1. Considering only VAL64, VAL44, VAL116, give the residue with the highest GNM mean-square fluctuation for the chain, with springs between Cα atoms whenever their separation is below 10 Å.
2. List the relative contact order of the chain as a percent without decimals, with contacts defined as Cα pairs under 8 Å and 6+ residues apart.
3. So how exposed is ILE21, as accessible area in Å² (1.4 Å probe, rounded to 10)?
4. Where the only charges are on Cβ atoms (+1 Lys, Arg; -1 Asp, Glu), what is the dipole of the chain about its Cα centre, to the nearest 20 debye?
5. With a 1.4 Å probe and every protein chain left in place, tell me how much accessible area SER124 has, in Å² to the nearest 10.
6. Based on the Kirkwood radius over alpha-carbon pairs, what value in µm²/s does the Stokes-Einstein equation return for the translational diffusion coefficient of segment 3-129 at 25 °C and 0.890 mPa s?
7. Could you work out how much longer the chain between THR92 and ILE157 gets when fully extended? Use 0.36 nm per residue separation minus the Cα distance between them, nm to one decimal.
8. From the square roots a ≥ b ≥ c of the eigenvalues of the alpha-carbon gyration tensor of segment 166-221, which class results: rounded (a/c under 1.5), prolate (a/b over b/c), or oblate?
Amino acid sequence: MTTKIAIIDDHQLFREGVKRILEFEKTFQVVAEGDDGSEAVRIVQEFTPDVVIMDINMPQKNGVEATKELVEKFPETKVIILSIHDDENYVTHALQTGAQGYLLKEMDADALIDAVRVVADGGSYLHPKVTHNLVNEYRRLTAGKVFGGSYVQTVEIRRPLHLLTRRECEVLQMLADGKSNRGIGEALFISEKTVKNHVSNILQKMNVNDRTQAVVVAIKNGWVEVR
(Lines give C-alpha, C1' and ligand atoms only; values in the text may rest on other atoms or scores of the structure.)
Protein backbone atom coordinates (compact mmCIF):
# COMPACT_ATOMS: atom_id res chain seq x y z
CA MET A 1 0.00 0.00 0.00
CA THR A 2 1.12 3.54 -0.73
CA THR A 3 1.73 5.91 2.18
CA LYS A 4 0.63 9.43 1.25
CA ILE A 5 2.73 12.18 2.82
CA ALA A 6 2.44 15.96 3.17
CA ILE A 7 5.48 18.11 4.02
CA ILE A 8 5.03 21.48 5.71
CA ASP A 9 8.21 23.51 6.17
CA ASP A 10 9.02 27.13 5.39
CA HIS A 11 12.48 26.32 4.01
CA GLN A 12 12.01 25.26 0.40
CA LEU A 13 15.45 23.68 -0.05
CA PHE A 14 15.04 21.58 3.09
CA ARG A 15 11.53 20.60 2.02
CA GLU A 16 12.77 19.51 -1.39
CA GLY A 17 15.54 17.47 0.21
CA VAL A 18 13.05 15.66 2.44
CA LYS A 19 10.81 15.01 -0.57
CA ARG A 20 13.66 13.51 -2.59
CA ILE A 21 14.60 11.15 0.23
CA LEU A 22 11.01 10.00 0.71
CA GLU A 23 10.38 9.44 -2.98
CA PHE A 24 13.25 6.95 -3.16
CA GLU A 25 10.84 4.63 -1.34
CA LYS A 26 8.43 3.06 -3.84
CA THR A 27 5.63 2.85 -1.26
CA PHE A 28 5.86 6.57 -0.35
CA GLN A 29 4.11 9.35 -2.26
CA VAL A 30 4.47 13.04 -1.39
CA VAL A 31 1.03 14.39 -2.28
CA ALA A 32 1.29 17.97 -0.99
CA GLU A 33 3.67 20.62 0.31
CA GLY A 34 3.16 23.79 2.34
CA ASP A 35 5.34 26.51 3.85
CA ASP A 36 3.36 27.36 6.99
CA GLY A 37 1.27 25.64 9.64
CA SER A 38 -1.71 27.78 8.66
CA GLU A 39 -1.98 25.65 5.50
CA ALA A 40 -2.11 22.35 7.38
CA VAL A 41 -5.91 22.00 7.67
CA ARG A 42 -6.48 22.87 4.00
CA ILE A 43 -3.82 20.41 2.89
CA VAL A 44 -5.24 17.56 4.97
CA GLN A 45 -8.79 18.29 3.79
CA GLU A 46 -7.76 18.37 0.15
CA PHE A 47 -5.13 15.63 -0.07
CA THR A 48 -5.93 13.32 2.93
CA PRO A 49 -2.30 12.36 3.60
CA ASP A 50 -1.55 9.42 5.88
CA VAL A 51 1.38 11.26 7.48
CA VAL A 52 2.11 14.98 7.83
CA ILE A 53 5.74 16.00 8.35
CA MET A 54 5.68 19.38 10.06
CA ASP A 55 8.42 21.88 10.90
CA ILE A 56 8.10 23.14 14.49
CA ASN A 57 9.24 26.71 13.73
CA MET A 58 7.25 28.59 11.08
CA PRO A 59 6.44 32.31 10.76
CA GLN A 60 2.63 32.48 11.05
CA LYS A 61 1.53 29.28 12.78
CA ASN A 62 4.13 26.96 14.28
CA GLY A 63 4.09 23.20 14.01
CA VAL A 64 2.81 22.54 17.52
CA GLU A 65 -0.19 24.87 17.08
CA ALA A 66 -0.93 23.37 13.67
CA THR A 67 -0.65 19.83 15.04
CA LYS A 68 -3.13 20.61 17.80
CA GLU A 69 -5.61 21.99 15.27
CA LEU A 70 -5.14 19.04 12.93
CA VAL A 71 -5.64 16.43 15.63
CA GLU A 72 -8.78 18.18 16.89
CA LYS A 73 -10.33 18.33 13.41
CA PHE A 74 -8.86 15.09 12.01
CA PRO A 75 -8.19 12.70 14.93
CA GLU A 76 -6.82 10.07 12.56
CA THR A 77 -4.09 12.42 11.33
CA LYS A 78 -0.54 11.25 12.06
CA VAL A 79 2.02 14.02 12.49
CA ILE A 80 5.81 13.92 12.69
CA ILE A 81 7.39 17.10 14.05
CA LEU A 82 10.72 18.29 12.64
CA SER A 83 12.85 20.42 14.95
CA ILE A 84 16.31 21.66 15.80
CA HIS A 85 15.46 21.43 19.52
CA ASP A 86 16.29 18.28 21.52
CA ASP A 87 15.12 19.72 24.85
CA GLU A 88 12.57 17.43 26.54
CA ASN A 89 10.18 20.36 27.08
CA TYR A 90 9.80 20.86 23.33
CA VAL A 91 9.38 17.13 22.79
CA THR A 92 6.83 16.70 25.59
CA HIS A 93 4.79 19.66 24.37
CA ALA A 94 4.72 18.33 20.82
CA LEU A 95 3.65 14.86 21.94
CA GLN A 96 1.00 16.25 24.27
CA THR A 97 -0.64 18.11 21.38
CA GLY A 98 -0.93 14.87 19.41
CA ALA A 99 2.26 14.36 17.37
CA GLN A 100 3.26 10.71 16.92
CA GLY A 101 6.83 11.45 15.94
CA TYR A 102 9.62 13.91 16.73
CA LEU A 103 12.71 14.13 14.53
CA LEU A 104 15.70 16.42 14.76
CA LYS A 105 16.72 18.11 11.52
CA GLU A 106 20.15 16.53 11.88
CA MET A 107 18.50 13.18 11.07
CA ASP A 108 19.85 10.89 8.39
CA ALA A 109 17.79 9.47 5.54
CA ASP A 110 17.25 6.12 7.24
CA ALA A 111 15.79 7.78 10.35
CA LEU A 112 13.35 9.78 8.23
CA ILE A 113 12.18 6.71 6.34
CA ASP A 114 11.92 4.61 9.50
CA ALA A 115 9.92 7.34 11.24
CA VAL A 116 7.36 7.56 8.43
CA ARG A 117 6.96 3.77 8.32
CA VAL A 118 6.53 3.44 12.08
CA VAL A 119 4.09 6.35 12.42
CA ALA A 120 2.07 5.28 9.36
CA ASP A 121 1.68 1.86 11.00
CA GLY A 122 0.28 3.48 14.16
CA GLY A 123 3.45 3.57 16.27
CA SER A 124 5.48 6.47 17.63
CA TYR A 125 9.01 7.48 16.68
CA LEU A 126 11.49 9.73 18.44
CA HIS A 127 14.92 10.72 17.20
CA PRO A 128 17.50 8.60 19.11
CA LYS A 129 19.06 11.68 20.73
CA VAL A 130 15.63 12.82 21.92
CA THR A 131 14.87 9.35 23.28
CA HIS A 132 18.07 9.44 25.30
CA ASN A 133 17.20 12.81 26.85
CA LEU A 134 13.66 11.71 27.71
CA VAL A 135 14.65 8.41 29.28
CA ASN A 136 17.36 10.17 31.26
CA GLU A 137 14.69 12.40 32.73
CA TYR A 138 12.39 9.42 33.28
CA ARG A 139 15.14 7.58 35.16
CA ARG A 140 15.86 10.66 37.27
CA LEU A 141 12.22 10.98 38.28
CA THR A 142 11.34 7.33 38.83
CA ALA A 143 14.42 5.29 39.55
CA GLY A 144 16.57 7.37 41.83
CA LYS A 145 16.67 9.73 44.77
CA VAL A 146 18.35 13.06 45.21
CA PHE A 147 20.49 13.59 48.28
CA GLY A 148 22.11 17.00 48.77
CA GLY A 149 21.64 17.79 45.10
CA SER A 150 23.32 14.58 43.90
CA TYR A 151 21.54 11.89 41.94
CA VAL A 152 21.91 8.39 43.32
CA GLN A 153 20.92 5.48 41.09
CA THR A 154 18.90 2.87 42.97
CA VAL A 155 18.08 0.35 40.23
CA GLU A 156 20.21 -2.77 39.85
CA ILE A 157 20.92 -3.46 36.18
CA ARG A 158 19.96 -6.99 35.14
CA ARG A 159 20.31 -7.83 31.45
CA PRO A 160 17.23 -9.63 30.04
CA LEU A 161 19.13 -12.75 28.93
CA HIS A 162 15.98 -14.79 29.56
CA LEU A 163 14.39 -12.91 26.66
CA LEU A 164 17.12 -11.54 24.40
CA THR A 165 20.47 -12.79 23.11
CA ARG A 166 23.64 -11.15 24.40
CA ARG A 167 24.00 -9.22 21.14
CA GLU A 168 20.38 -8.02 21.35
CA CYS A 169 21.04 -6.86 24.92
CA GLU A 170 23.98 -4.83 23.61
CA VAL A 171 21.79 -3.29 20.91
CA LEU A 172 19.04 -2.52 23.45
CA GLN A 173 21.58 -0.73 25.66
CA MET A 174 22.74 1.34 22.71
CA LEU A 175 19.14 2.27 21.87
CA ALA A 176 18.88 3.59 25.43
CA ASP A 177 22.14 5.47 24.87
CA GLY A 178 20.45 7.30 21.99
CA LYS A 179 22.51 5.78 19.18
CA SER A 180 21.16 5.56 15.65
CA ASN A 181 21.30 2.35 13.63
CA ARG A 182 24.45 3.64 11.96
CA GLY A 183 26.02 4.47 15.32
CA ILE A 184 25.20 1.03 16.71
CA GLY A 185 26.64 -0.63 13.63
CA GLU A 186 29.88 1.33 13.91
CA ALA A 187 30.19 0.57 17.62
CA LEU A 188 29.59 -3.17 17.18
CA PHE A 189 31.33 -3.49 13.79
CA ILE A 190 28.22 -4.81 12.07
CA SER A 191 26.17 -3.56 9.12
CA GLU A 192 23.13 -1.30 9.45
CA LYS A 193 21.02 -4.09 7.94
CA THR A 194 22.13 -6.41 10.74
CA VAL A 195 21.31 -3.71 13.31
CA LYS A 196 17.80 -3.35 11.82
CA ASN A 197 17.31 -7.10 12.09
CA HIS A 198 18.38 -7.04 15.76
CA VAL A 199 16.02 -4.12 16.49
CA SER A 200 13.12 -5.94 14.81
CA ASN A 201 13.84 -9.04 16.89
CA ILE A 202 13.99 -6.96 20.08
CA LEU A 203 10.64 -5.30 19.37
CA GLN A 204 9.01 -8.64 18.61
CA LYS A 205 10.40 -10.39 21.69
CA MET A 206 9.51 -7.47 23.98
CA ASN A 207 6.06 -7.18 22.37
CA VAL A 208 6.37 -3.44 21.75
CA ASN A 209 5.69 -1.33 18.66
CA ASP A 210 8.75 0.88 18.44
CA ARG A 211 12.20 1.71 19.78
CA THR A 212 10.96 4.29 22.27
CA GLN A 213 8.59 1.81 23.91
CA ALA A 214 11.39 -0.77 24.04
CA VAL A 215 13.68 1.64 25.88
CA VAL A 216 10.98 2.71 28.36
CA VAL A 217 10.14 -0.92 29.16
CA ALA A 218 13.82 -1.73 29.52
CA ILE A 219 14.33 1.14 31.96
CA LYS A 220 11.29 0.18 34.04
CA ASN A 221 12.65 -3.36 34.35
CA GLY A 222 16.24 -2.31 35.07
CA TRP A 223 17.56 -3.93 31.89
CA VAL A 224 19.66 -0.97 30.71
CA GLU A 225 21.78 1.81 32.13
CA VAL A 226 21.05 5.45 31.34
CA ARG A 227 24.48 6.99 31.01
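The values are calculated or read from the model by the stated rules, or taken from the named source; none is laboratory data. Fair warning: this is a prediction, and the values are worked out from it, not measured in the lab. Positions of Cβ are generated from backbone atoms using ideal geometry, with glycine treated the same way; all protein chains shown enter the neighbour counts. With ligands, DNA and RNA removed, areas are computed over all heavy atoms of the protein, side chains included. Shrake-Rupley method; radii C 1.70, N 1.55, O 1.52, S 1.80 Å.
1. Maximum fluctuation in the GNM of the chain, among the listed residues, is at VAL44.
2. Values: 354 pairs, mean separation 32.1, N = 227.
Relative contact order comes out at 14 percent.
3. Counting only protein heavy atoms, the figure is 50 Å².
4. Details: 28 positive and 33 negative charges, 224 e Å.
Roughly 1080 debye for the chain.
5. Here the residue's solvent-accessible area equals roughly 40 Å².
6. Values: Rh = 14.0 Å.
It comes out at roughly 176 µm²/s.
7. Working: separation 65, 0.36 × 65 = 23.40 nm, distance 2.68 nm.
Difference between extended and current length: 20.7 nm.
8. Details: a/c = 1.95, a/b = 1.53, b/c = 1.28.
Prolate is the answer for segment 166-221, as a/c is 1.5 or above and a/b outweighs b/c.
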